[in-house]
Amino acid sequence: MELLKEQKKESLSVFFDTEFTKLRTLMDEPKLISIGLVAEDGREFYAELTDTYQKSDCSDFVLEVVLPLLDGKDRLMEAQLAAKMKDWIEGLGADEVVLRCDSPAYDWPFVEELFKFYGWPMNLRRKCGTVYFDNDRQTHRYQAGLAMYWRDNSGRRHHALVDSRSMRFAWKYAIRRADMGEQQKATDPILRI
């Protein structure tokens, strides 16, 4: 009798960030301004929305810090964003794509709302993941990686794509060899959902 071997799903982590008009309040919902995604292998997606908000919707912080960072190149309407992002995620080639961010309570609702309305990518896990390390050393290295990244890129902080790049950079820094003289590579992080 032939035993069927269960194939292991190929999973790919994609770090993402959003920029939005203001923090959520009882009286007002934030509106999506931009989204950036960076796959663990370096592939990137970025878009700025043209039909989801007005400047009058934005907080002072967003007017002063976020809007001046917008590139103005990758401008899409919400329906176009949904279609292009869905194609990009499905085109990554992984059996399962897990979107990971550092602020899921703020960022994930935009992704969830977008794909609930326009249709989910076939290979996207429908739950946001976070970055979690199973040892303090990697956690500290992740924080150090973020600090190093922002030392060189501080002028672009709060740009969705640049913020996503910072997460990927810090994650890679956290899991690489701590010192050139070490015999063993640091263990892979546990990426939690």
Filter the stretch 144-172 down to the residues that are touching a Ser or Thr at 6+ places or on another chain (Cβ under 9 Å) and not in a helix (DSSP H, G or I), then identify the one that is surrounded by the most Cβ atoms within 10 Å (Cβ to Cβ). His159
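The rows are residues; the columns are (1) among the charged types (D, E, K, R); (2) surrounded by 12 or more Cβ atoms within 10 Å (Cβ to Cβ); (3) at pLDDT 95 or above.
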residue	(1), (2), (3)
Ala79	no, yes, yes
Ala83	no, yes, yes
Glu90	yes, yes, yes
Val98	no, yes, yes
Gly119	no, no, yes
Met122	no, no, yes
Tyr132	no, yes, no
Can you name the number of the only condition in (1) more than 20 Å from Phe169 (Cα to Cα); (2) touching a strand residue (DSSP E or B) at 6+ places or on another chain (Cβ under 8 Å) that Asp107 fails? (1)
Evaluate the following for Ser59: is it surrounded by fewer than 21 Cβ atoms within 10 Å (Cβ to Cβ) and modelled with pLDDT of 95 or more? yes
Every pair of residues 6+ apart whose Cβ atoms lie under 9 Å, when the first sits in the stretch 98-109 and is free of Cβ contacts under 8 Å to residues at least 24 places away in the same chain and closer than 13 Å to Pro30 by Cβ while the second is among the aliphatic types (A, V, I, L, M) and outside any helix (DSSP H, G or I): Trp108/Leu99
Can you tell me which of (1) open to solvent by 30 Å² or more (accessible area, probe 1.4 Å); (2) touching a residue at least 12 places away in the same chain (Cβ under 8 Å) is the one Leu12 doesn't meet? (1)
Index of the failed condition, Gly42 passing every other in (1) surrounded by fewer than 19 Cβ atoms within 10 Å (Cβ to Cβ); (2) closer than 15 Å to Leu76 by Cα: (2)
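Within the stretch 15-25, identify whether any single residue is among the basic types (Lys, Arg), more than 12 Å from the chain's Cα centre (by Cα) and closer than 16 Å to Pro104 by Cα, and answer yes or no. Walk me through how you get there before you give the answer.
Keep residues of the stretch 15-25 that are among the basic types (Lys, Arg), which gives 22, 24.
Next, from what is left, pick out any that are more than 12 Å from the chain's Cα centre (by Cα): 22, 24.
Those left that are additionally closer than 16 Å to Pro104 by Cα: 22, 24.
Yes, the stretch 15-25 contains a residue that is among the basic types (Lys, Arg), more than 12 Å from the chain's Cα centre (by Cα) and closer than 16 Å to Pro104 by Cα.
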Taking Val111 and the conditions (1) among the β-branched types (Val, Ile, Thr); (2) outside any helix (DSSP H, G or I); (3) under 15 Å from the mean Cα position of the chain (by Cα); (4) closer than 24 Å to Arg156 by Cβ, which numbered condition does it fall short on, given that it satisfies the others? (2)
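The values are calculated or read from the model by the stated rules, or taken from the named source; none is laboratory data. Predicted model, so just to flag it, every value in this text is computed and none were measured. Using ideal geometry, Cβ is built from the backbone for each residue, glycine included, and neighbour counts are taken over all protein chains shown. For the accessible areas, the whole protein counts, side chains as well, though only heavy atoms, and no ligand, DNA or RNA atoms are used. Shrake-Rupley method; radii C 1.70, N 1.55, O 1.52, S 1.80 Å.
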